[in-house]
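Colleague: Could you have a look at this structure, given as structure tokens, before my questions?
The values are calculated or read from the model by the stated rules, or taken from the named source; none is laboratory data. Please read these numbers as outputs of a predicted model, since none were measured by experiment. Here the Cβ positions follow ideal geometry from the backbone for every residue, glycine too, while neighbour counts run over all protein chains shown.
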Amino acid sequence: MSIKDIVATLAEVPSLMRLTKEAKPRPLSTKDCFAARAEATAGRFGERTALIFEGQTCTWRELNERANRYVGAFKELGLVRGDVVSIIMENRIEFVVTIVALNKLGVTAALINTNLTGQPLIHCISITGSRMCIFGEELTAALDNVKADPALEGFDNYLFVPDAGLDSCPTWASDLEKDAADKDIGNPPDTGKSTLGDIALYIFTSGTTGLPKASVLSNRRYLQAAAMSAIGSLQCDENDCIYLCLPLYHGTGLFIGLGPAFLTGASVFIRRKFSASNFLSEIRANNVTCFVYIGELCRYLLNTPRQKDDAKNPLRTMTGNGLRPDVWHEFKQRFGIQRVAEFYGASEGNVVFINMFNKDCTIGATGIPHALVKYDIDADEILRDNKGYCIKVAKGEPGLLLGEITENTAFEGYTNSEDTEKKILRDVFKKGDAWFNTGDLLKTVDVGFALGLPHYQFVDRVGDTYRWKSENVSTNEVGESINNHSQVAFCNVYGVDVPGAEGRAGMASIMLTEDADKLDLDSFSAHVNAQLPKYARPVFLRILSEIDTTGTFKMVKGELRKQAYDLEQVSDPLFVMKPGSSNYEPLDSEFFAIIRAGEAGY
């Protein structure tokens with residue numbers, strides 16, 4: 001190890017001590033919430049810019065006052081502490097105003113993926129016990145198509161939030177902006193009644209089985225995640241600007257991107273969706289110093305035409321997850337990044353890692369009790385010793401990450417108790433212990449001097465979930481949708497590697513019904529497009545003569561996953577949905593070579 005490495009690591013100690021103090025679990029009865037932090041920030045930095053969005057700016061005072069007006073409208077509509085309200089809205093100022101207002105009132109916001117339509121959308125609105133649904137003008141059509149479903153009967157109201165003004169409020173909804181226009185801008189007393197133990201948000205996750213599950217997020221966990229990002233990752237203050245193009249219905253954007261602003265007074269540049277071509281110009285024009293990423297975005301940026309002045313920008317630090325080692329160094333060098341604070345965590349999880357010491361190609365370290373245990377990927381099961389206990393892996397060996405469940409590292413779980421229990425492993429190392437099963441494989445890596453703290457690297461996901469286009473995809477959910485096609489007898493869904501792309505692309509191996517000679521590609525393509533959001537649609541198809549199963553009739557994926565879509569290993573018919581296409585077509589050797597070269601564009 002070098003002197004430079006030691007000095008750089010020791011320089012992080014003050015921030016580490018501050019984070020340790022700030023993130024220390026406080027009693028759940030403590031009065032605090034993220035809306036209280038935003039309110040306090042408005043008191044300190046009222047005339048500083050809070051949000052920048054599509055040519056609009058909003059100061060902290062204006063954000064707080066708009067939220068207070070919304071609180072007045074919500075009260076008039078009958079919302080009270082403990083209620084749940086669903087929100088489906090794209091990234092914009094009104095989204096932030098809405099969640100701050102609901103948090104001030106002590107109402108839980110259930111944040112719905114804006115890509116969802118049809119049955120998945122109905123499911124997400126209905127399972128949380130929401131009294132109302134707040135939706136953006138831009139998503140009116142999605143709500144209009146499902147509001148008559150019996151599962152949504154009994155709703156008190158649908159609240160419309162204007163956007164570009166192209167569509168007026170539908171007759172079946174109320175205009176929230178109009179309802180709030182004449183309400184008091186003063187801070188409501190309700191904010192001071194919220195506690196760390198109150199449920200702030202429901203964040204939907206694909207989980208490992210079935211339709212999306214609503215994970216529970218308390219005010220305490222939100223503030224802990226925000227402090228981790230503000231102090232340990234971005235190291236920002238009121239003079240910084242955070243570039244945020246990740247969806248705010250997801251934890252990375254909402255906790256790691258927006259949370260630090262609530263705590264510190266930093267401004268946030270919000271984008272509805274990521275644009276690689278506009279990235280650097282927006283960074284420079286808005287003096288952006290911090291970037292919240294997922295690895296896929298970084299790869300997209302590296303694929304843009306290189307310019308001599310790429311590194312001449314105000315960006316100094318970035319935090320996120322999924323930045324793979326093969327692009328890490330090139331990205332830092334090209335764009336002049338000084339600090340990459342990769343982190344690891346899940347919205348519903350109880351364990352988090354952070355690369356606070358700015359070590360390359362690592363998710364960092366953690367002070368939370370955890371363990372890596374042996375896992376048989378092909379059999380899709382945890383290995384145990386002759387006493388029935390889990391086996392810890394050797395140093396540097398990939399293992400399944402478990403987070404110990406204690407009073408200070410609670411697993412808050414899901415709205416459904418059965419789903420919660422499925423994620424808990426009991427009697428792991430001794431009778432009576434309980435651990436959260438992350439479903440992820442990690443390994444330790446040597447990073448040089450790090451104060452004796454072991455550092456880790458993400459390896460892969462296991463089981464029934466893979467990650468594609470920054471979304472966790474449930475293989476069971478995809479499989480259930482595909483099985484509804486008239487020509488499909490059974491299907492086996494799994495994730496496969498695609499050179500040059502982040503995560504794993506979906507692949508479905510299908511056994512056709514006895515009366516089907518071949519798959520009707522037009523019909524099947526239309527079915528998949530109607531039933532699944534873009535990120536969940538399998539990229540590859542394989543037609544099998546039979547499906548392999550275990551003795552308990554669980555479908556075997558190991559060999560299929562290894563063979564993937566390799567024309568040299570697979571003699572079965574293979575099909576592909578090319579980038580930009582909505583139809584499957586035969587996979588030929590020419591396009592397979594393009595995929596293998598990492599030039600397919602996924």
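Colleague: Of all the residues that make up region 60-107, how many are among the charged types (D, E, K, R) and not in a loop (DSSP other than H, G, I, E, B)? So that I can check it myself, show each step before the final result.
Modeller: Of all residues in region 60-107, those among the charged types (D, E, K, R) come to 61-62, 65-66, 69, 75-76, 81, 83, 90, 92, 94, 104.
Restricting the remaining residues to those that are not in a loop (DSSP other than H, G, I, E, B) gives 61-62, 65-66, 69, 75-76, 94, 104.
The qualifying residues number 9.
Colleague: Moving on. State whether one or more residues within region 422-441 are surrounded by fewer than 17 Cβ atoms within 10 Å (Cβ to Cβ) and among the aromatic types (F, W, Y).
Modeller: Yes, the conditions are met somewhere in region 422-441.
Colleague: Is it true that some residue in region 206-214 is of a type in the set (G, A, S), free of Cβ contacts under 8 Å to residues at least 60 places away in the same chain and assigned by TED's automatic domain parsing to the domain that holds N321? Full working, then the answer.
Modeller: Start the filter on region 206-214 by keeping residues that are of a type in the set (G, A, S), which leaves 206-207, 210, 214.
Restricting the remaining residues to those that are free of Cβ contacts under 8 Å to residues at least 60 places away in the same chain gives none.
There is no residue in region 206-214 that is of a type in the set (G, A, S), free of Cβ contacts under 8 Å to residues at least 60 places away in the same chain and assigned by TED's automatic domain parsing to the domain that holds N321.
Colleague: To continue, here is another question. Of the residues T57, T49, T41, T20, only one is surrounded by fewer than 19 Cβ atoms within 10 Å (Cβ to Cβ), touching a residue at least 60 places away in the same chain (Cβ under 8 Å) and among the hydroxyl-bearing types (S, T, Y); which?
Modeller: Just one listed residue meets the conditions, T20.
Colleague: Among the numbered criteria (1) more than 16 Å from R461 (Cα to Cα); (2) buried (at least 22 other Cβ atoms within 10 Å of the Cβ); (3) of a type in the set (A, V, I, L, M), which one does L400 miss?
Modeller: Evaluating L400 over (1) more than 16 Å from R461 (Cα to Cα); (2) buried (at least 22 other Cβ atoms within 10 Å of the Cβ); (3) of a type in the set (A, V, I, L, M) leaves (1) as the failure.
Colleague: Filter region 492-531 for residues that are in contact (Cβ under 8 Å) with a residue 40 or more places away in the chain, more than 25 Å from G295 (Cα to Cα) and buried (at least 16 other Cβ atoms within 10 Å of the Cβ) and give the result.
Modeller: N492, S509, L519, F524, S525, H527, V528, Q531
Colleague: Which ranges mark the strands (runs of 3 or more DSSP E) fully within region 376-462 that have 3 or more residues being without any contact (Cβ under 8 Å) to a residue 40 or more places away in the chain and more than 20 Å from the chain's Cα centre (by Cα)?
Modeller: In region 376-462, no matching strands (runs of 3 or more DSSP E) lie anywhere.
Colleague: Tell me whether region 71-81 contains one or more residues that are crowded, with 23+ Cβ neighbours inside 10 Å and under 11 Å from K183 (Cβ atoms).
Modeller: yes
Colleague: Can you pull out every residue in region 350-381 that is surrounded by 19 or more Cβ atoms within 10 Å (Cβ to Cβ) and under 17 Å from F436 (Cα atoms)?
Modeller: N350, V351, V352, F353, T366, H370, L372, V373, Y375
Colleague: Can you tell me how many residues in region 574-602 are buried (at least 16 other Cβ atoms within 10 Å of the Cβ) and in contact with a helix residue (DSSP H, G or I) (Cβ under 9 Å, 6 or more places away or on another chain)?
Modeller: Result for region 574-602: 9.
Colleague: Please find, within region 154-184, the residue that is farthest from R131 (Cα to Cα) out of those that are in a strand (DSSP E or B) and of a type in the set (S, T, Y).
Modeller: Selected residue: S174.
Colleague: To continue, here is another question. Would you confirm whether or not region 512-530 contains a residue that is modelled with pLDDT of 95 or more and assigned to a loop (DSSP other than H, G, I, E, B)?
Modeller: Looking through region 512-530, at least one residue is modelled with pLDDT of 95 or more and assigned to a loop (DSSP other than H, G, I, E, B).
Colleague: If you scan region 466-510, which residues turn out to be outside any strand (DSSP E or B) and among the hydrophobic types (A, V, I, L, M, F, W, C)?
Modeller: V478, I482, V498, A501
Colleague: Further, regarding this structure: Quick check on my filter: what residues within region 497-535 are acidic (D, E) and in contact with a Gly (Cβ under 8 Å, 6 or more places away or on another chain)?
Modeller: E502
Colleague: Looking at the structure I just gave you, is L105 more than 28 Å from A285 (Cα to Cα), buried (at least 22 other Cβ atoms within 10 Å of the Cβ), in the same structural domain as C169 (by TED's automatic domain parsing) and more than 23 Å from the chain's Cα centre (by Cα)?
Modeller: Numbers: more than 28 Å from A285 (Cα to Cα): yes; buried (at least 22 other Cβ atoms within 10 Å of the Cβ): yes; in the same structural domain as C169 (by TED's automatic domain parsing): yes; more than 23 Å from the chain's Cα centre (by Cα): yes.
Taking the combined requirement at face value, the residue satisfies it.
Colleague: Then there is this: So which of D198, D175 ends up being out of contact with any Gly (no Cβ under 8 Å at 6 or more places or on another chain) and modelled with pLDDT of 95 or more?
Modeller: D175
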